[in-house]
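Worksheet for the structure shown next.
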Amino acid sequence: MFAILMFIIVVYDTESKNCVKLHKYLKRYLQWNQNSVFEGTITPAQYLQIKQILDERRAPRSHITLYTMGNEKLLTREEIGTGQENISNIL
């Protein structure tokens, strides 16, 4: 049996103290792309879990955006400048 997978990009803007908490949590599921940006392939169950935890752990005035797509091959990605050293070519 095959698991359904989805590609997700998480972008957040929050106070610095909360940034560390969100970073540590998201690093368990996704790859860190750059400051406050994570991406990766997860299951729908993991997506719901991530969404719930982000809602519970976010600072009151923070903003989090989650972009999802069924297939990462539909995404076109271009980068300008030097990215984080710890990211591989996901796409």
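Bear in mind these aren't lab numbers, they're just calculated from the coordinates by the rules spelled out. Owing to the predicted nature of the structure, the values given are computational and were not obtained by experimental measurement.
Laid out as a table, the results:
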item: Contour minus Cα-Cα distance for Thr76 and Lys51 (0.36 nm per residue); result: 6.6 nm
item: Potential extension, Asn18-Thr65 segment - 0.36 nm per residue separation minus Cα distance; result: 15.4 nm
item: Potential lengthening between Thr41 and Ala3 on full extension [0.36 nm per residue; Cα-Cα distance subtracted]; result: 12.5 nm
